[in-house]
Number of protein chains: 4
Amino acid sequence: MYKAPELKVCAWLNTEAPVTLAELRGRVVVIEAFQMLCPGCVAHGLPQAKRVAETFRDEDVVVLGLHTVFEHVEVQGGRDALAAFMHEYRIPFPVAIDAPGEQGRLPETMSAYGMRGTPTLLLIDRAGLLRQQYFGAIDDMRLGAEIMSLLQHSTASTADRAAPDDGALDSPAACTEESCAAP
Amino acid sequence: MYKAPELKVCAWLNTEAPVTLAELRGRVVVIEAFQMLCPGCVAHGLPQAKRVAETFRDEDVVVLGLHTVFEHVEVQGGRDALAAFMHEYRIPFPVAIDAPGEQGRLPETMSAYGMRGTPTLLLIDRAGLLRQQYFGAIDDMRLGAEIMSLLQHSTASTADRAAPDDGALDSPAACTEESCAAP
Amino acid sequence: MYKAPELKVCAWLNTEAPVTLAELRGRVVVIEAFQMLCPGCVAHGLPQAKRVAETFRDEDVVVLGLHTVFEHVEVQGGRDALAAFMHEYRIPFPVAIDAPGEQGRLPETMSAYGMRGTPTLLLIDRAGLLRQQYFGAIDDMRLGAEIMSLLQHSTASTADRAAPDDGALDSPAACTEESCAAP
Amino acid sequence: MYKAPELKVCAWLNTEAPVTLAELRGRVVVIEAFQMLCPGCVAHGLPQAKRVAETFRDEDVVVLGLHTVFEHVEVQGGRDALAAFMHEYRIPFPVAIDAPGEQGRLPETMSAYGMRGTPTLLLIDRAGLLRQQYFGAIDDMRLGAEIMSLLQHSTASTADRAAPDDGALDSPAACTEESCAAP
């Protein structure tokens, strides 16, 4: 459990003004990191993020998308392609485009969180601490329970510093239909 | 919100000793009321109850089944038929057979809770108060969140008496694939 | 490929008069052998048989159910229990109750076809030959294609005698959620 | 029923040489017209086309994709974007990029067939006649049966000229999750 690094973003969609984690203190934040050409994100991650947005109240839980492109950068890295994707898939929440890494490295937010691939789901508590980081699928019942747990508890003020914990799921060795692993 | 009426049961399966709500004080109790020939129970209600049992720890959340037979009583009312059903469908939690009502009335526990049909899901908090009563389907994310909310809050000692509230779902006019309505 | 043995039946439901395979010559016959407490039958086999009935015309393809009870005989062997099941699950086609075997043996039709368990799907051509016998799941696209193939070809008059062929699927070693194996 | 117009294509993927309908005479041809950002194509149309390719033998049935971009042309119209999409979604069959229409008109093959949107599925018989054209979803059992019917019958030599028939499904008034309608 440690303080969730601020997002490093090159552009936002579906929002009038950029969003910072700092300004969301006091609310639980759910971030769905995805790529528009990642089958597991399209089939599972993004629909689940939509259900989070529908299940919890805006003043309690903020859902954000994070487009962390680490594959096929030329063709899915653009703002216009993402905007078209979001229109067709009716993504209702703000989506940030992760700042590209230098010299072919992973995007900056992806790198700061040590994400292994997409979809990755981040749970940040009211105090801004990163509480869970899941790579791959997580079931709805457990996710609903975890978010509610954060809603009720997480006003702790101390940010214990520790290594990132990316969740209970094993990392697949390679890219599968369910998720895409970073190199 | 009111005190959950004690179960009136003619037999128990999957448990060595009968279970009472009184002895479960301090834990959250999830009761899945079902009929073995109710398609909505078989396809949705019972699998969801299994997922509750898998998602939460036994010492926190107790899952019980309640066989509330109000249709086809002769053929699905027996203990042996239910035992065979539970074996085939691998139901892992204790199941009570609701005490038959007198003179063709609804079974007694079903009647005491004012259930409209099956599947019905009851959520009882640590203090023994009935907090939710759903007739028909409820989605996993919301249910996970509600159970977690009860886990963290419900040590209130006062049992406000009020009319039963059987949840947000409308009652279908008749028996459908998704649920079976009592007469 | 051999002549499909006539059904040995102790009762029929959903039909005014008993049905014989002999009288169905000229039509393709699809028989879904099931048990009402077999999870794989309820979740997959019977819904697929319904889709066959909806997809093809009555004058071309006849769909029949066959209740082949080899487990929990006391509780799912009765006509009333089956009638209640068929009402709740809205089974639209005629269903035969397989004649019980003597001294605890498998039911007679089940035995005559060498079925390994439920669900089993039989495909009988216009000439009365048994053309396929599947134990377990088969996908819709292949089944649709096989039925159409029989519809167009099977007016052959010769019944080659051969050992029964119960399909491409391996038999599971034991009873699973997907199918129930006979002893 | 009329002769299927030849494909007008600006590029092919997943094949060494361009494919023409003319050279496929004698085989049944199934064409899945799609857009990579069309949710109904990704969730239903393309997976079904894969199942066709898996169910029937190559020498009997040829499956082709046709990328008919009429929306978001700038971002999903490129060959590289489509190649990345096909890689991620593991599309195993050859895919043609429909030739762009002049001055903002619909792509040329799409226009020649009078397609209303995506996904559209075309069934062409052994003689090169267009036998079905479905806009939107079609169930697997019916599709399997129709393909088998064409496999067995369609060596007719006469191409009756008639207006295109694009299937039994109504056209939705606007773009939905299930399909995307052309303007």
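The values are calculated or read from the model by the stated rules, or taken from the named source; none is laboratory data. Just so you know, these numbers come straight off a predicted model, no measurement behind them. Here the Cβ positions follow ideal geometry from the backbone for every residue, glycine too, while neighbour counts run over all protein chains shown. These area figures cover heavy atoms from the full protein model, side chains too; ligands, DNA and RNA do not enter into them. Shrake-Rupley method; radii C 1.70, N 1.55, O 1.52, S 1.80 Å.
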Report summary line: Going through the stretch C:45-55 in order, the residues found to be open to solvent by 20 Å² or more (accessible area, probe 1.4 Å) and away from chain B (no Cβ under 14 Å) are C:Arg51, C:Ala53, C:Glu54, C:Thr55
Report task. Working only within the stretch B:107-135, note down all residues that are open to solvent by 10 Å² or more (accessible area, probe 1.4 Å) and among the hydroxyl-bearing types (Ser, Thr, Tyr). Result -> B:Ser111, B:Tyr134
**Report entry** Of residues in the stretch B:137-150 being in contact (Cβ under 8 Å) with a residue 24 or more places away in the chain and closer than 24 Å to A:Ala49 by Cβ, the one farthest from the other protein chains (Cβ to nearest Cβ)
**Finding:** B:Ala137
Requested in this report: Please state which of the following conditions B:Leu66 fails to meet, knowing it meets all the rest: (1) farther than 16 Å from C:Glu88 by Cα; (2) under 13 Å from the mean Cα position of the chain (by Cα); (3) in contact (Cβ under 8 Å) with a residue 60 or more places away in the chain.
Outcome: (3)
Report task. Of the conditions (1) modelled with pLDDT under 95; (2) within 28 Å of C:Val52 (Cβ to Cβ), D:Ser157 clears all except one; give me its number. Result -> (2)
Requested in this report: Six or more apart or on different chains, Cβ under 9 Å: which pairs go from a residue in the stretch B:92-104 that's farther than 17 Å from B:Pro18 by Cα to one that's among the polar types (S, T, N, Q)? Could you list them?
Outcome: B:Gly101/B:Ser111
Query raised in the report: Can A:Gln152 be described as open to solvent by 50 Å² or more (accessible area, probe 1.4 Å), modelled with pLDDT of 75 or more and not charged (D, E, K, R)?
Result: yes
**Report entry** Hits in the stretch D:13-37 (condition: within 14 Å of the chain's Cα centre (by Cα) and surrounded by 15 or more Cβ atoms within 10 Å (Cβ to Cβ))
**Finding:** D:Val19, D:Leu21, D:Val28, D:Val29, D:Val30, D:Ile31, D:Glu32, D:Ala33, D:Phe34, D:Gln35, D:Met36
Query raised in the report: When the stretch B:105-136 is examined, which residues are found to be more than 14 Å from chain C (Cβ to nearest Cβ), touching a strand residue (DSSP E or B) at 6+ places or on another chain (Cβ under 9 Å) and in a loop (DSSP other than H, G, I, E, B)?
Result: B:Leu106, B:Pro107, B:Tyr113, B:Gly114, B:Met115, B:Arg116, B:Asp125, B:Arg126, B:Ala127, B:Gly128, B:Gly136
Query raised in the report: Taking the condition in a helix (DSSP H, G or I) and in contact (Cβ under 8 Å) with a residue 24 or more places away in the chain, does A:Ala53 pass?
Result: yes
Report summary line: Scanning the stretch C:87-104 residue by residue, the ones that are of a type outside the set (D, E, K, R), within 14 Å of chain B (Cβ to nearest Cβ) and surrounded by fewer than 20 Cβ atoms within 10 Å (Cβ to Cβ) total 3
Requested in this report: Would you point out the residue of the stretch C:77-86, among those that are of a type in the set (A, V, I, L, M) and more than 7 Å from chain B (Cβ to nearest Cβ), that is surrounded by the most Cβ atoms within 10 Å (Cβ to Cβ)?
Outcome: C:Leu82
Report task. Among the residues of the stretch D:80-98, count how many are in contact with a Cys (Cβ under 7 Å, 6 or more places away or on another chain) and either at pLDDT below 95 or farther than 21 Å from D:Leu122 by Cβ (or both). Result -> 1
Query raised in the report: Within the bounds of the stretch B:5-27, is there any residue that is among the β-branched types (Val, Ile, Thr), under 24 Å from B:Ile138 (Cα atoms) and at pLDDT 95 or above?
Result: no
Report task. Give the residues of the stretch A:56-76 that are open to solvent by 30 Å² or more (accessible area, probe 1.4 Å) and assigned to a helix (DSSP H, G or I), sorted by residue number. Result -> A:Val73, A:Glu74
Report task. Would you check if there is a residue in the stretch D:69-79 being modelled with pLDDT under 95, of a type in the set (S, T, N, Q) and closer than 26 Å to D:Val29 by Cα? Result -> yes
